[in-house]
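Please read the structure below before turning to the comments.
The values are calculated or read from the model by the stated rules, or taken from the named source; none is laboratory data. Everything quoted here is computed from the prediction, not taken from an experiment. Here the Cβ is made from the backbone with ideal geometry for all residues, glycine too, and neighbour counts use every protein chain on show. In case anyone asks, the SASA skips ligands and DNA or RNA and just uses the protein heavy atoms, side chains included. Shrake-Rupley method; radii C 1.70, N 1.55, O 1.52, S 1.80 Å.
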Amino acid sequence: MEPEQEEAMSKLITELKLEGLSTYTIRNYSLAAKSLFNHSKKKPKDLDEQDARQYLSTLFDNSSSSTISLYASALRYFYSEIINKPMGRIKIPKKERILPNILTRDEIDLIIKAAPTKKSELIIRMLYSTGVRVSELVSLRKQDIDFNTGRARIKGKGKKVRQILIPPKILAELKTFCVDKINFVFSEKKQMSTRNIQKIFKRIAKKTKFPKKITPHILRHSYATHLLEGGVDIRVIQSLLGHKNLATTQIYTEVTDSLLKKAEQNIKELERI
């Protein structure tokens, strides 16, 4: 990359960090800007509205609407905040509404029992019973947990703080587990890597030959769906998950509707017997 391009990229990363955005967002916004430079072969001061349009048009053949929408948002930010130029209005295809995969309670029990260590088991149970993101779990500190009330402070996306509820049995195990811990709950001085937790799930999938894809985030989806099926108000679930918009949480109502339709089909099959 040319010096002017590198300077613009550095400024972009700095601004995104100052806004408290996640490493995932910073990575994707940086990749979008870098890809624009590679496509246009221009310096930041020479970029115009048409360059962004032409680059985004190349994504339509092989990229999902979600990716196109993400890159469009990234470039819109880059144009307005970094190079102070208008990008113009660009029509983006609507995102495909993909229902999240959900595990049954029996499947979750199987995953827990297959955990290679007691620590891994506690991590899995914590992910499912609280619905926290894996990035939130690894950054959880002992002082964030109120062992008297079972509530914990979680720093989520955009550094927004919310409260979660930890079930009594897990709370008691956590209290014993981190009795000698000074800082992070699931690690010592240095924060645990999210990659380490993802590796745990890969080992379990291989060990059990699990028929479904299992990831930490699927436990979050399952947590929300099971709460909804249990009659918990969707606005409470929104708060527990840390969703900014209720519409994000409402996808779980569609999941339960799809499960209901499946059950209806099974009931119809019984009529033939």
inquiry  = Tell me whether region 70-77 contains one or more residues that are among the basic types (Lys, Arg), more than 28 Å from residue 155 (Cα to Cα) and without any contact (Cβ under 8 Å) to a residue 60 or more places away in the chain.
reply    = no
query = Do you know which residues across region 183-198 are assigned to a helix (DSSP H, G or I) and either open to solvent by 30 Å² or more (accessible area, probe 1.4 Å) or of a type in the set (Ser, Thr, Tyr) (or both)?
reply = 194, 195, 196, 198
message = Every residue in region 165-198 that is free of Cβ contacts under 8 Å to residues at least 24 places away in the same chain and either in contact with a Ser or Thr (Cβ under 8 Å, 6 or more places away or on another chain) or basic (Lys, Arg) (or both), please.
response = 169, 189, 190, 195
Criterion: at pLDDT 95 or above and hydrophobic (A, V, I, L, M, F, W, C) - qualifying residue of 124, 108, 92, 82 = 124
message = Looking at the structure I just gave you, is residue 137 touching a Pro at 6+ places or on another chain (Cβ under 7 Å), touching a residue at least 40 places away in the same chain (Cβ under 8 Å) and of a type outside the set (Ser, Thr, Tyr)?
response = no
request  = Test residue 46 against the criterion of being without any contact (Cβ under 8 Å) to a residue 12 or more places away in the chain, within 30 Å of residue 227 (Cβ to Cβ) and of a type outside the set (Val, Ile, Thr), and give yes or no.
outcome  = no
Leading residue by the ranking (modelled with the lowest pLDDT) among those in region 138-182 that are open to solvent by less than 40 Å² (accessible area, probe 1.4 Å), part of a loop (DSSP other than H, G, I, E, B) and out of contact with any Gly (no Cβ under 9 Å at 6 or more places or on another chain) = 181
